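Working notes, structure below.
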Amino acid sequence: MTRTVYVNGEYLPETEATISIFDRGFLMADAVYEVTSVLGGKLIDFEGHAVRLKRSLDELDMAEPCTKDELLDIHRKLVEVNDIDEGLIYLQVTRGSDGDRDFVFPSADTKPTIVLFTQNKPGLADSPAAQKGAKVISIEDIRWGRRDIKTVQLLYPSMGKMMAKAAGADDAWMIEDGYVTEGTSNNAYIVKYGKIITRPLSNDILHGITRKAVLRLAEEAQMEIEERLFTIDEAKDADEAFTTSASAFVMPVVEIDGAQLGNGTPGTIAKRLREIYLDESLKAAI
Ligand code: PMP
């Protein structure tokens with residue numbers, strides 16, 4: 001099926017949507033993005049994604065392409081016309097193009113480029129991968145120093161996924177100065193003696209929208225949380241582990257660098273958090 005996508009004010013068949021070859025998103029990875037999940041035809045935590053998008057744009061001195069309300073309308077229209085029940089909406093904003101390649105930013109009146117498209121993912125919530133749990137490997141974190149800004153510089157995370165695949169695993173956790181930063185496209189957690197341990201927010205990791213929601217729900221459920229650095233050895237010795245992201249929600253991790261966690265099946269806390277997160281998100285979906 002040909003999707004209808006959104007490009008700079010127009011809804012078009014995906015085959016007819018174009019942007020300039022001089023677009024700075026293409027030439028310089030001068031672009032930010034968001035991925036919002038759709039469950040039951042409704043948007044999960046749209047507000048969180050809109051707020052983070054604004055923050056990413058502000059940090060890069062990039063213009064807002066439209067208002068939050070317009071953004072919500074575009075999301076909803078794409079869900080409707082593409083008949084998405086479960087899936088994802090990808091949104092990208094770039095600094096646009098002034099018709100040439102230059103390291104210097106184009107003038108402030110250059111229009112940003114905005115692109116949105118849907119990805120249909122039936123069975124997203126009821127994922128067999130989550131029932132099995134993920135295997136991860138560890139790799140050095142060699143990304144740039146502003147991982148809190150959600151830019152499209154995804155080459156290294158993409159290579160990390162390929163390294164994981166080559167090692168027979170599902171994903172990679174990245175390590176800097178001996179401590180786990182995050183997964184290639186998710187935030188990382190371990191659980192020891194019932195306590196959830198995760199790296200505190202800083203420029204070193206993306207401030208996950210799902211992380212924020214899951215930590216709030218864990219606190220409400222009287223679970224113990226400690227935000228601190230942890231090493232990969234500590235992770236391998238944990239009782240359980242998991243990741244969070246808008247596209248996979250709470251994903252249990254059952255193996256790290258070949259070391260099995262617990263009995264090698266998803267842990268109780270990860271499973272419980274996935275359940276609570278999906279329930280609560282569905283209730284709050286718009
Ligand atoms: N860290 C990284 C590096 C990511 O790419 C993502 C997903 N975009 C996350 C964490 C999780 O963020 P969110 O919960 O907002 O999807």
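The values are calculated or read from the model by the stated rules, or taken from the named source; none is laboratory data. Everything quoted here is computed from the prediction, not taken from an experiment. Backbone-built Cβ (ideal geometry, glycine too); neighbour counts: all protein chains shown.
The residues in the range 208-222 that are crowded, with 18+ Cβ neighbours inside 10 Å and either in contact (Cβ under 8 Å) with a residue 40 or more places away in the chain or not assigned by TED's automatic domain parsing to the domain that holds Ile142 (or both) can be counted, and the count is 6.
Among the criteria (1) at positive phi; (2) touching a Ser or Thr at 6+ places or on another chain (Cβ under 8 Å); (3) of a type outside the set (D, E, K, R), the one Leu124 does not fulfil is (1). No other residue among Ser202, Ser185 is more than 25 Å from Ala129 (Cβ to Cβ), within 13 Å of the ligand (Cβ to nearest atom) and in contact (Cβ under 8 Å) with a residue 24 or more places away in the chain apart from Ser202.
Yes/no per residue for (1) more than 26 Å from Leu27 (Cα to Cα); (2) of a type outside the set (Val, Ile, Thr); (3) free of Cβ contacts under 8 Å to residues at least 40 places away in the same chain:
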residue	(1), (2), (3)
Glu70	yes, yes, yes
Leu88	no, yes, no
Gly96	no, yes, no
Ala134	yes, yes, no
Met163	no, yes, yes
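Tell me whether the range 98-118 contains one or more residues that are closer than 30 Å to Ala235 by Cα, over 18 Å from the mean Cα position of the chain (by Cα) and without any contact (Cβ under 8 Å) to a residue 24 or more places away in the chain. The answer is no, given that none of the residues of the range 98-118 is closer than 30 Å to Ala235 by Cα, over 18 Å from the mean Cα position of the chain (by Cα) and without any contact (Cβ under 8 Å) to a residue 24 or more places away in the chain.
Scanning the range 245-280 for residues that are within 19 Å of Asn187 (Cα to Cα) and part of a loop (DSSP other than H, G, I, E, B) returns Ala246, Ser247, Ala248, Asp257, Leu261, Pro266, Gly267. Residue-level check: of (1) surrounded by fewer than 20 Cβ atoms within 10 Å (Cβ to Cβ); (2) of a type outside the set (S, T, N, Q); (3) outside the structural domain of Asp58 (by TED's automatic domain parsing), Ile137 misses just (1).
All conditions in (1) within 15 Å of the ligand (Cβ to nearest atom); (2) in a helix (DSSP H, G or I) hold for Lys283, with the sole exception of (1). Return the residue satisfying two criteria in turn: it lies in the range 206-229 and is part of a strand (DSSP E or B) and of a type in the set (D, E, K, R), and of such residues it is farthest from Glu59 (Cα to Cα). Among residues in the range 206-229 that are part of a strand (DSSP E or B) and of a type in the set (D, E, K, R), the one farthest from Glu59 (Cα to Cα) is Glu224.
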